[in-house]
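*Asks:* Okay, handing you the structure first.
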Number of protein chains: 4
Amino acid sequence: MCEAVRNETGRVISAELEKILCKTIPVLDHGFIRVVDYMGNDSSIVQAARVSYGAGTKQVNEDRGLINYLMRHGHTTPFEMCEIKLHIKLPIFVMRHWVRHRTANINEYSARYSVLSNEFYIPELSKIAGQSKTNKQGRADDQMSSEDKSEIAKTLSEFSEKAYEKYSHMLNDLGLTRELARTILPVNVYTEMYWKIDLHNLFHFLRLRADSHAQYEIQCYANAILDIVRLWVPFAYDAFINYRKNSVSVSKKCIDLNKKMLQGEKISQETSGLSKGEWREFIEAFDLKDMIS
Amino acid sequence: MCEAVRNETGRVISAELEKILCKTIPVLDHGFIRVVDYMGNDSSIVQAARVSYGAGTKQVNEDRGLINYLMRHGHTTPFEMCEIKLHIKLPIFVMRHWVRHRTANINEYSARYSVLSNEFYIPELSKIAGQSKTNKQGRADDQMSSEDKSEIAKTLSEFSEKAYEKYSHMLNDLGLTRELARTILPVNVYTEMYWKIDLHNLFHFLRLRADSHAQYEIQCYANAILDIVRLWVPFAYDAFINYRKNSVSVSKKCIDLNKKMLQGEKISQETSGLSKGEWREFIEAFDLKDMIS
Amino acid sequence: MCEAVRNETGRVISAELEKILCKTIPVLDHGFIRVVDYMGNDSSIVQAARVSYGAGTKQVNEDRGLINYLMRHGHTTPFEMCEIKLHIKLPIFVMRHWVRHRTANINEYSARYSVLSNEFYIPELSKIAGQSKTNKQGRADDQMSSEDKSEIAKTLSEFSEKAYEKYSHMLNDLGLTRELARTILPVNVYTEMYWKIDLHNLFHFLRLRADSHAQYEIQCYANAILDIVRLWVPFAYDAFINYRKNSVSVSKKCIDLNKKMLQGEKISQETSGLSKGEWREFIEAFDLKDMIS
Amino acid sequence: MCEAVRNETGRVISAELEKILCKTIPVLDHGFIRVVDYMGNDSSIVQAARVSYGAGTKQVNEDRGLINYLMRHGHTTPFEMCEIKLHIKLPIFVMRHWVRHRTANINEYSARYSVLSNEFYIPELSKIAGQSKTNKQGRADDQMSSEDKSEIAKTLSEFSEKAYEKYSHMLNDLGLTRELARTILPVNVYTEMYWKIDLHNLFHFLRLRADSHAQYEIQCYANAILDIVRLWVPFAYDAFINYRKNSVSVSKKCIDLNKKMLQGEKISQETSGLSKGEWREFIEAFDLKDMIS
């Protein structure tokens, strides 16, 4: 279905994306992402914006400038006019985060209809880490002994094998229905899906999942998709990186504090009126670590 | 933007739909529909279904049969894997029904940014009719005198002209802001939008809006879109017509009544246990008008 | 948070639902459903319909009659005006079906933030069954030996215990981050969520998940929710049961066949023009098993 | 339906919101907002967050602090656990902006079923203004003569009267069906709806529609709703005002520029590397008008 067909079309194309269409991009140990289909390119965003804003867009007569303007000002609907469809292979625990993005279309492999393959995600040793003390949902910087890491990798690997043996035994030797046999499989087993989403909602997904607070494994997928988006809609990609991915939201209070500092005032957490958490976030957002002792 | 470009693509195409790409299909007196872009064809539905149901779909080895099966059994997600983008010009009162379909992407012409054109929907004389007595939301069969029809058409037409004059006067002579000037325009004024939707949700739209209970004017648009869908995904179109558009939902009570009749029992509204409304709907759903006096 | 508070409110209430508010309704071996909050009752559906249809609803002057009418005619928006919030404990493999209903609000227990409990779903012996031959996604009627059933239950149970041991060991002895340790847990482990949904979308969920084609385990939850809905909105519940849950969708072709039979014609699959699959569905929909040899 | 009922409930209440339940809050000349029903209060947000983040939320042991944290960090799902239902009377042109918020439930008065009232929005003289030169979608600061304003108000008012006369004539004297007669009415005619939405999506609505770039008339509604939200969920309201409504999103480039300025560098648009539009936005976001000549 996804060999190198060459069709003629009257639709707009994205020349760079065409080059990787249907190619498998490996992610993690057994996963992948593959672009199955797409609709639109940078010009589709501009086209939709010009319908909405009519004469209002004439003054911004360059496509890149208009796309930057739309992104900076939160005019999101023109980005909904591009759509992409991906074939993705991923562990179930990653899938469970993924489906929380509700504005997408999904067809997932069904373990009620079919038998799952013997493929489980086992993290590389360098990605095995302790619980972060400061981040309740994250990994600590690397302090774990390599013996412990090896033991963990071995445990995960052997236990997954064992799970698959039990699964196969119940299916094949005892004739158990697939929908019950699969309940023994751990959430690191791989599944597959077709996933179709518009560019605006994809950017929302990427902002959350290519973020350093997302679990490492879903970040790997999000980063692979960022590369795809760069090929597909290069202007929109740049606008996203500059004005959303690398942007921060700052409160009026922080703007006021910053202004006082610009006017020469010395500020500390105590005099700032901010809570400790907010102060830490202020320092980080305004990149002031080296300026405030 | 929509001239006859010819691009090479590795994506699947719909050969018949390509032929009308960007062509303007007239609807009502000043409206139109134009296919701007699309994603997928019948094979995309099959492709997604095979991912979901895996081995479960092997036995239905023909695409048309599988699509019929999916439609009959309400397996709707594979139909979400096709997407279409239309450019539509339509009166505001039609647009107001249209936007109630929330699972679509819209960019509408903004009368805050730009000046609206002097185009208003005036129904043909044959479409002007009295209020239906039985259908609170519909038109009566044609009983109105042609004098009355002509007066109505003249009223609508002259009043729309007058509205546009006032609009232009306030805009041009008094310098009123567009966002206030447009508040004088009646809901029969034309607007435009880009509308993008997946095939499953489009079928839902078509089932409601190509229905005889929908207002005539939106039916015209829905019927034009049905023709487009027939070209785009002929198998899915046939399945939709046979198993959804021309299907009826019947209650257990009606199935039981029908069975009694098949077994030779005579049934009337009084003996049926149905309310008058239900009985009328039963006769209609089972097409029994000529069998029950 | 959910003890027997007694507050005064100016909002409408559902007296029967109030009685079970916050009470835990057990489902499966360790699961439950608990009504946390709700908005509206049958009168809220009527109230919204009267705003939409105005004078058009005057003739149907009884609430139950109006609700039946709305349900029969697919006027779904008034049902969106009621909302319910449930606290649910369920196995992950059931949760994975559940989240496919996208028009709901979810807060799920996070295994990145917190440690999961040692609770796994093990089916009762009577629910352990072989793969259905005719239904690719279902269980066979009970042919399995009780020895095999016991072996399966034992395997599932022992393996789940083992998984939890490994999980605890990696967490506690090796200090592994929670987000990786949990990847070893099978999909029969229990999770919890708050789930909030409007009545229209809940009915959609119930039609699919209280259906005999849904996996038995999610049916248990759907049936428990049906009981809740019966207490909450008794008129809407009855309308749903009569006109949607126990209704069937039949094609024009089947209506025509049925009419021929009513007129005395003998029909068989060969003469019907239906495919074998459609014929089987026709017999089932019209409940004709005992009338056609 | 909305008189002063007093029911007992086991649900949480919002004591301040109860006081205005069902009361009509006037907006514009003929419009209003009325709280019909609601679900949840500040504690519901905390409750949902504690399910999701479990032990992870223990350290933030105060409700207000936790709600602030959730808002600052974009943890939006707990806010979806509160829901409100409003009865709103508003001009059609405002309604047309309103429905673009798709994640809400709506029942609108139907002009196919019922006759519209003779009520049209006519702006106060002080709100009548010319087209802004710098803002393509806005009003200019007040330069218009009071004669012109009066003429505009008179035009709008007289023309609306005339439209209603024609509407009534076609309906009553010529018996035209309602669905066509209403097409003559201008978009300043009032309509009504029930509108139900969760708190997260309501905040999104408020951020866009209580913003100074929104049309003045919808701002009036948004501001009235802000007052309602303040009574309903005071902690969430404060968090919203501080961390979202009054926050700005700033790009990495602007953070870097600001840092240079903090370090004593002089920056102008030419040396900044920003486009003119970005520079203007930078000055505005960081409130630097008085610091940069």
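The values are calculated or read from the model by the stated rules, or taken from the named source; none is laboratory data. What you are looking at is a predicted structure, and each value in this text was computed from that prediction instead of being measured. Note that each Cβ is placed from the backbone with ideal geometry, even for glycine, and that neighbours are counted across all protein chains shown.
*Asks:* Across region B:273-287, which residue is nearest to the chain's Cα centre (by Cα) among those that are more than 10 Å from chain C (Cβ to nearest Cβ), surrounded by fewer than 19 Cβ atoms within 10 Å (Cβ to Cβ) and part of a helix (DSSP H, G or I)?
*Replies:* Taking the candidates together, the pick is B:GLU284.
*Asks:* Assess whether D:ILE241 counts as being part of a helix (DSSP H, G or I), closer than 24 Å to A:GLU284 by Cα, modelled with pLDDT of 90 or more and more than 8 Å from chain A (Cβ to nearest Cβ). Let's see the steps before the verdict.
*Replies:* Details: part of a helix (DSSP H, G or I): yes; closer than 24 Å to A:GLU284 by Cα: yes; modelled with pLDDT of 90 or more: yes; more than 8 Å from chain A (Cβ to nearest Cβ): yes.
Considered against the rule, which asks whether it is part of a helix (DSSP H, G or I), closer than 24 Å to A:GLU284 by Cα, modelled with pLDDT of 90 or more and more than 8 Å from chain A (Cβ to nearest Cβ), D:ILE241 comes out as yes.
*Asks:* Scan region A:217-235 and give yes if some residue there is part of a helix (DSSP H, G or I), of a type in the set (Val, Ile, Thr) and within 14 Å of chain D (Cβ to nearest Cβ), otherwise no.
*Replies:* no
Yes or no, residue by residue, for (1) within 7 Å of chain C (Cβ to nearest Cβ); (2) in contact with a helix residue (DSSP H, G or I) (Cβ under 6 Å, 6 or more places away or on another chain); (3) on the phi > 0 side of the Ramachandran plot; (4) crowded, with 17+ Cβ neighbours inside 10 Å:
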{"residue": "D:ARG6", "(1), (2), (3), (4)": "yes, no, no, no"}
{"residue": "D:THR9", "(1), (2), (3), (4)": "yes, no, no, yes"}
{"residue": "D:ILE13", "(1), (2), (3), (4)": "yes, no, no, yes"}
{"residue": "D:LEU17", "(1), (2), (3), (4)": "no, yes, no, yes"}
{"residue": "D:LYS23", "(1), (2), (3), (4)": "no, no, no, no"}
{"residue": "D:VAL27", "(1), (2), (3), (4)": "no, yes, no, yes"}
{"residue": "D:ILE33", "(1), (2), (3), (4)": "no, yes, no, yes"}
{"residue": "D:ASP37", "(1), (2), (3), (4)": "yes, no, no, yes"}
{"residue": "D:ASN41", "(1), (2), (3), (4)": "no, no, no, yes"}
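*Asks:* If you go through region B:136-182 one residue at a time, how many are touching a His at 6+ places or on another chain (Cβ under 8 Å) and assigned to a helix (DSSP H, G or I)?
*Replies:* 1
*Asks:* Residues of region A:244-264 being in contact with a Ser or Thr (Cβ under 9 Å, 6 or more places away or on another chain) and outside any helix (DSSP H, G or I), which ones?
*Replies:* Correct list: A:ASN246, A:SER247, A:VAL248, A:SER249, A:VAL250, A:SER251.
*Asks:* I would also like to ask the following. Exactly one condition in (1) at the interface with chain B (Cβ under 10 Å from one of its Cβ atoms); (2) assigned to a helix (DSSP H, G or I); (3) among the hydroxyl-bearing types (Ser, Thr, Tyr) is false for A:THR103; which is it?
*Replies:* It fails just one condition, (2).
*Asks:* Can you name every residue in region A:114-125 that is among the acidic types (Asp, Glu) and within 14 Å of chain B (Cβ to nearest Cβ)?
*Replies:* If the condition is that a residue be among the acidic types (Asp, Glu) and within 14 Å of chain B (Cβ to nearest Cβ), then no residue fits.
*Asks:* Something else now. Would it be correct to say that D:VAL36 is assigned to a strand (DSSP E or B) and hydrophobic (A, V, I, L, M, F, W, C)?
*Replies:* Yes.
*Asks:* Residues being facing chain D (nearest Cβ under 7 Å) and either part of a helix (DSSP H, G or I) or over 21 Å from B:GLU119 (Cβ atoms) (or both): count how many of those fall in region B:183-203.
*Replies:* So the count comes out to 2.
*Asks:* Restricted to region A:126-177, and to residues that are among the small types (Gly, Ala, Ser), over 20 Å from C:LEU185 (Cβ atoms) and surrounded by 12 or more Cβ atoms within 10 Å (Cβ to Cβ), which residue is nearest to the other protein chains (Cβ to nearest Cβ)?
*Replies:* Once the filter is applied, the top-ranked residue is A:GLY175.
*Asks:* Working carefully through the options C:SER150, C:SER146, C:SER160, find the one that is over 29 Å from the mean Cα position of the chain (by Cα) and either at negative phi or modelled with pLDDT under 95 (or both).
*Replies:* Just a single option satisfies the conditions, and that option is C:SER146.
*Asks:* Only one of these is part of a helix (DSSP H, G or I), at pLDDT below 95 and out of contact with any helix residue (DSSP H, G or I) (no Cβ under 8 Å at 6 or more places or on another chain): B:ALA49, B:ALA55. Name it.
*Replies:* None of the other options fit; the residue is B:ALA55.
*Asks:* If you don't mind, another one. State which residue is nearest to the other protein chains (Cβ to nearest Cβ) when the search covers only region C:204-216 and only residues that are more than 8 Å from the chain's Cα centre (by Cα) and not aromatic (Phe, Trp, Tyr).
*Replies:* Among those that are more than 8 Å from the chain's Cα centre (by Cα) and not aromatic (Phe, Trp, Tyr), it is C:GLN215.
Condition check ((1) touching a residue at least 40 places away in the same chain (Cβ under 8 Å); (2) closer than 16 Å to C:HIS97 by Cα) across all residues:
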position	(1), (2)
C:SER212	no, yes
C:CYS220	yes, yes
C:ILE228	yes, no
C:TRP232	yes, no
C:LYS260	no, no
C:ARG280	no, no
C:LYS289	no, no
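*Asks:* Where residues in region C:254-268 are closer than 15 Å to C:GLU284 by Cα and either basic (Lys, Arg) or under 34 Å from the mean Cα position of the chain (by Cα) (or both), which of them is farthest from the other protein chains (Cβ to nearest Cβ)?
*Replies:* Here the answer is C:LEU257.
*Asks:* Take A:GLU119 and tell me if it is crowded, with 19+ Cβ neighbours inside 10 Å and charged (D, E, K, R).
*Replies:* Details: crowded, with 19+ Cβ neighbours inside 10 Å: no; charged (D, E, K, R): yes.
When the stated conditions are applied, A:GLU119 does not pass them.
*Asks:* Same structure, new question: Restricting to region B:106-116, what's the tally of residues that are surrounded by fewer than 19 Cβ atoms within 10 Å (Cβ to Cβ) and either β-branched (Val, Ile, Thr) or in a helix (DSSP H, G or I) (or both)?
*Replies:* Going through region B:106-116 one residue at a time, the tally reaches 1.
*Asks:* Return the residues of region A:4-30 that are in a loop (DSSP other than H, G, I, E, B) and of a type in the set (Ser, Thr, Tyr); say none if nothing qualifies.
*Replies:* Answer for region A:4-30, where residues must be in a loop (DSSP other than H, G, I, E, B) and of a type in the set (Ser, Thr, Tyr): just A:SER14.
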